[in-house]
Amino acid sequence: DVTIDFSEANLPNANLSGSMLMARGGSYGESTIDFTEANLANADLAASKLIAEGKEGNATVGDATIDFSGTHLTNADLSGSSLTAKEKSGGATIVFTEANLANADLSGSKLTGEG
């Protein structure tokens, strides 16, 4: 499994604009980009690319997940960002359950789940 873990990170006002985060499960399974319960208030993620790719080839298990569950995204700038979860034969998920998106800017953003 491959994980980029920002869970519970304290990143208010962070400048992540134009950043590229990619997690690839390869032949062994799951890939996750995890921002669960992180504080990204006023953060700049404009034009960022987040890509989670699940299993490849003959792997039998693997999901692709980008998880913002419970994340504080008040006033965050996600404009022009691209969030992609890909998995050839199963779970491709982008999660914002209980995230605070008050005044967040998602204009021009692209969220894609491919399964």
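Since every read-out is calculated from the coordinates, none of them should be taken as a lab result. Bear in mind the structure is a predicted one, so any value in this text is a computation, not a measurement. Cβ: placed from backbone, ideal geometry, glycine included. Neighbour counts: every protein chain shown.
If each residue of separation counts as 0.36 nm, what is the full-extension length gain between Lys110 and Met20 once their alpha-carbon separation is subtracted?
31.0 nm
Just to be sure I understand, if you calculate volume of the Cα convex hull per residue in Å³ for this structure, which of (i) 75; (ii) 303; (iii) 114 do you get?
(i)
What list of ³J(HN,Hα) values in whole Hz, one per residue of the stretch 41-46 in order, does the Karplus curve 6.51 cos²θ - 1.76 cosθ + 1.60 (θ = phi - 60°) give from phi, with Gly and Pro shown as x?
Going residue by residue, I get 4, 6, 6, 9, 10, 4 Hz, with x marking Gly and Pro.
Using the Cβ atoms and a cut-off under 10 Å, what net charge is assigned to the surroundings of Asp77, where Lys and Arg are +1 and Asp and Glu are -1?
-2
Among Ala76, Ala14, Ala52, which one moves the most in a GNM of the chain with springs linking Cα atoms closer than 10 Å?
Answer for the Gaussian network model of the chain: Ala14.
With +1 assigned to the C-beta of every Lys and Arg and -1 to the C-beta of every Asp and Glu, and no other charges, what is the dipole magnitude of the stretch 1-109 about the Cα centre in debye, to the nearest 20? Let's see the in-between values first.
Details: 5 positive and 15 negative charges, 75 e Å.
That gives a dipole near 360 debye.
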